[in-house]
Amino acid sequence: MQDRARIFVQAGAGGNGCLSFRREAYVPKGGPDGGDGGRGGDVVVMCDPSLRDLESYRRRGHFKARRGGHGRGSLKHGAEGESLELTVPPGTQVLVEADGTRHDLVAPGQRAVVARGGPGGRGNKPDYPFTTLEPALGTLDRGDRQLVIADIPGLIEGASAGAGLGHEFLAHVERTRLLVHVLDLAPLDGSDPLANYETVEQELELHDPRLAALPRILALSKADLVGPETRAAAREEWSRRVSPEVPVMLTSSVTGLGLDELAQTLMDRVLLDAAEDEATDQAHAGVMSEGTDGMAEHRVFRPAAGRGYRVERLGEHSWRVTGAGIERLVARYDLDNDEALAHLERRLRSIGMIRALEAQGFEPGDDVEIAGVEFELDPGR
């Protein structure tokens with residue numbers, strides 16, 4: 001009779017979370033929609049009164065539960081892994097060497113979990129506070145100005161000592177001219193916004209005292225989740241808490257509330273700070289240095305967006321319109337065809353050329369010359 005057995009068990013691993021974005025016609029900015037991975041299966045030992053010994057474990061000693069399914073797009077979560085049940089006769093004692101726990105299985109149906117399945121990975125459409133897993137660099141364009149912005153993941157307590165990849169995150173902060181605190185008005189995890197703010201400030205101070213002196217902007221995000229009165233009260237309260245030099249703004253990435261204002265304020269503050277630094281450097285040097293590389297922005301030059309055509313009066317009832325685009329448009333039409341001419345007149349009105357002619361005295365029935373072709377233009381017929 002086999003009354004003792006040593007077996008090796010392994011719980012199922014959790015499935016991987018999915019990194020996916022919704023890509024669907026007529027759904028602009030679909031956003032992240034990756035599902036979570038499924039939980040891995042457990043290994044369970046259950047008391048079975050129909051058994052008399054452990055003979056079934058004499059020849060087989062390795063058992064493994066199924067892993068969880070992987071998450072998929074469209075918010076599809078992975079399936080949970082199937083648990084593995086091992087049956088033993090009544091009176092069996094199960095000793096788990098990994099943690100030293102002991103289970104006495106004496107009653108029929110009594111169960112003991114000896115290995116728990118792993119949790120599934122998180123998708124990128126979560127209910128946790130942020131999805132920025134590593135620093136990301138991007139650019140902000142405002143007219144002919146451009147700034148480089150570093151999106152830094154949230155800092156946890158102990159980040160200055162390296163907790164949560166804190167050193168890697170803070171290394172990006174060291175080269176910034178201005179900090180933007182993005183603070184949830186209504187944290188999903190129920191945490192205190194003030195405590196979150198103080199934690200970040202403390203970690204910045206501990207890592208490098210210079211960071212504590214950087215100019216700041218406080219953006220109260222997810223403002224769409226609270227009412228107008230609550231938003232106004234929160235802004236007033238935070239304005240009292242922080243320094244008068246720190247602008248407090250309400251923002252929402254869902255509705256777009258405050259985003260343009262934040263972008264413009266960010267641009268203005270960085271350019272002002274860069275100009276002050278340049279003036280200080282020149283004052284210390286005692287000379288006006290040419291080509292100073294003190295600006296933390298780049299000037300972007302783009303071609304001017306002109307109207308694309310020019311109207312010229314030839315006589316009392318004759319006109320000439322020149323321009324590469326308008327000439328290519330007219331060349332596509334057979335002006336001897338009345339239907340084609342009517343369609344061309346509608347196109348010319350839609351692009352504003354008829355209005356440009358009328359502004360200079362054009363009357364229906366006047367002759368118009370475009371690309372060497374002269375025709376009578378009567379848009380009112």
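A short reminder: the numbers here are calculations on the coordinates, not readings from a lab. All of these numbers come straight from a predicted model, not from anything done at the bench. Neighbour counts run over all protein chains shown; Cβ positions are idealised from the backbone, glycine included.
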For the stretch 310-376, give me the percentage of DSSP beta bridges that are antiparallel, rounded to the nearest 5 percent. 70
Length gained, VAL113-ALA150, 0.36 nm per residue minus C-alpha separation, equals 8.7 nm
Using the crude model of +1 on Lys and Arg Cβ and -1 on Asp and Glu Cβ, and no other charge, please compute the dipole size for the stretch 1-125 relative to its Cα centre, in debye to 20. 560
Taking R0 as 25 Å, what FRET efficiency do you get between MET46 and GLN10 from their Cβ-Cβ distance, rounded to the nearest 0.05? 0.90
DSSP loop (so not H, G, I, E, B), at most 15 other Cβ within 10 Å: list which chymotrypsin sites (Phe, Trp or Tyr not before Pro) in the stretch 6-48 pass both filters. TYR26
Kirkwood Rh (inverse of mean 1/r, distinct Cα pairs), the stretch 1-125, angstrom: 16.3
Using +1 at the C-beta of Lys and Arg and -1 at the C-beta of Asp and Glu, which of PRO32, GLY71, GLY81 has the Cα lying farthest in the positive direction of the dipole of the stretch 1-125? PRO32
Mind listing which GluC sites (Glu not before Pro) in the stretch 26-112 are in a DSSP loop and have 14 or fewer other Cβ atoms within 10 Å? GLU97
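Which GluC sites (Glu not before Pro) from the stretch 200-274 combine a DSSP loop assignment with at most 12 other Cβ atoms within 10 Å? Let's see the in-between values first.
On the way: sites: GLU201, GLU203, GLU205, GLU229, GLU236, GLU237, GLU245, GLU261; in loops: GLU245.
Loop-located and lightly packed - GLU245.
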Tabulate in residue order the Karplus-calculated ³J(HN,Hα) for the stretch 37-54, using 6.51 cos²θ - 1.76 cosθ + 1.60 with θ = phi - 60°, rounded to whole Hz; enter x for Gly and Pro. x, x, 6, x, x, 8, 10, 10, 9, 10, 7, 10, x, 7, 9, 10, 8, 10
